[in-house]
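The values are calculated or read from the model by the stated rules, or taken from the named source; none is laboratory data. Quantities reported herein were computed from a predicted structural model and do not represent experimental measurements. Quick reminder, even Gly has a Cβ in these numbers, built from the backbone with ideal geometry, and neighbours come from all protein chains shown. These accessible areas exclude ligands, DNA and RNA; they are computed on the full protein's heavy atoms, side chains included. Shrake-Rupley method; radii C 1.70, N 1.55, O 1.52, S 1.80 Å.
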Amino acid sequence: MISQILAAAIGTVAFSLLFSVPKIYYPYCGFIGGVGWVIYCSLIPIVSPAEATFFATVGVILLSRLFAVWERCPVTLFLIPGIFPLVPGAGVYWTSYYIVTGELSQASVTGFEAVKVAVAIVLGIVLIFELPQGVFTAIAKMAPLAWKNRRNARVKMPFIHKKKNQEELP
């Protein structure tokens, strides 16, 4: 289980690199991906894969929104890499494989399961994004003073500021 969590965290950081997330946010992305995988692995013996994915997605999106408020950056920096370990890539692959090999009954079973997992991810995202931003702002205000001082010492969103020689648009 530890190796799976570590692999999910490393995979999330690697996907963050491909997604051009600033380096300063890699630990957050890895943490979010790892927590999502912990929730998924903890629930998979109890509930169906789609339900486990839904609850893991809810955890990932809650953390993504919270870190986005704390760090004052877009939530997509954490959301997209964070759900990476939960995406049903293997289900889609096996569905395609079974279709090509002519095992249509097995293809329909794996395809339907992959669709259920994908819908669970979408529903988890929509559910948490319906919460007002004020909820996360209030939680961020409860952050320890050391966290706030560390956060305020950094330059805010260096990837958005214009370059020195760039002219302003009219």
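Quick notes on this one:
- Selection within the stretch 13-59: residues that are aliphatic (A, V, I, L, M) and surrounded by fewer than 17 Cβ atoms within 10 Å (Cβ to Cβ). The member of this set that is farthest from residue 91 (Cα to Cα) is 24.
- Count of residues meeting criterion [outside any helix (DSSP H, G or I) and either touching a helix residue (DSSP H, G or I) at 6+ places or on another chain (Cβ under 9 Å) or crowded, with 19+ Cβ neighbours inside 10 Å (or both)] in the stretch 86-122: 4
- So residue 83, is it open to solvent by 20 Å² or more (accessible area, probe 1.4 Å), touching a residue at least 24 places away in the same chain (Cβ under 8 Å), in contact with a Lys or Arg (Cβ under 9 Å, 6 or more places away or on another chain) and of a type in the set (Val, Ile, Thr): no
- Residue count for the stretch 47-71 under the criterion of being of a type in the set (Gly, Ala, Ser) and assigned to a loop (DSSP other than H, G, I, E, B): the result is 1.
- Conditions (1) part of a helix (DSSP H, G or I); (2) under 30 Å from residue 142 (Cα atoms); number of the one not met by residue 74: (1)
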